[in-house]
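One structure is given here, and the rest of the page talks about it.
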């Protein structure tokens, strides 16, 4: 019986490894025909995804078991695009994204009112947390904090122990955690920072040119890998703090008992709402 079990297990693994995959390629553009970079492309909740490059191009290898699912193309600055994968076989896909509007409050803030807010947790001596060495685009780690009142987000500080990529581009995403395992993306233009192998151990600083207003509540700050040059990983100090992690674009979040630590500077005071066109990512 024991040998039968191992035979079946091996057979299942072999069948899964040999499952036929269909290549889906395409380009993401806006309505004016301009390529859109760093768009999340994949299947919602599944470990299959990509991020479009600077030319808007993406590539997926889809197993037959997922061909009845929908392809989702998502960026905070545009309306979401979905199509059944089985409809996209045969030739490169041309995805056209329609502009979205971000409804952001108009605010007045004194820099003197800003303060640094951080997630809690003790440093684990010698412990580290790393990104996937395969360089999975769309991989995201982050922190969760409770914001007692609406605040104006000015800067975010992320400690990094080491970067072994030649370089990696990191995007900040902001979420409201009304449901912990299903963060709701806030309508905030993203900010990016490039981390290079040559950089010394430091705290990476993300700065908003136009600080967005963040609502009170449980807030998640996510750090997403959207481009890598060379092979390697990002290495962070490890803390005794819970963490949500996703392995690729649009994958389901998984909870871990340990994670990273980061902080952000938040001010206060908001005025009337204002509807403005998005900032391109």
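Below, the figures for the structure above:
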| item | result |
| --- | --- |
| Top-ranked residue of region 45-60 - restricted to ones that are modelled with pLDDT of 95 or more and surrounded by fewer than 22 Cβ atoms within 10 Å (Cβ to Cβ), ranked as nearest to residue 226 (Cα to Cα) | 53 |
| Count of residues meeting criterion [assigned to a strand (DSSP E or B) and either surrounded by fewer than 18 Cβ atoms within 10 Å (Cβ to Cβ) or in the same structural domain as residue 44 (by TED's automatic domain parsing) (or both)] in region 155-200 | 12 |
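The values are calculated or read from the model by the stated rules, or taken from the named source; none is laboratory data. Predicted, not measured: the structure shown is a model, and the values here were computed from it. Positions of Cβ are backbone-derived with ideal geometry, glycine not excepted, and every protein chain shown enters the neighbour counts.
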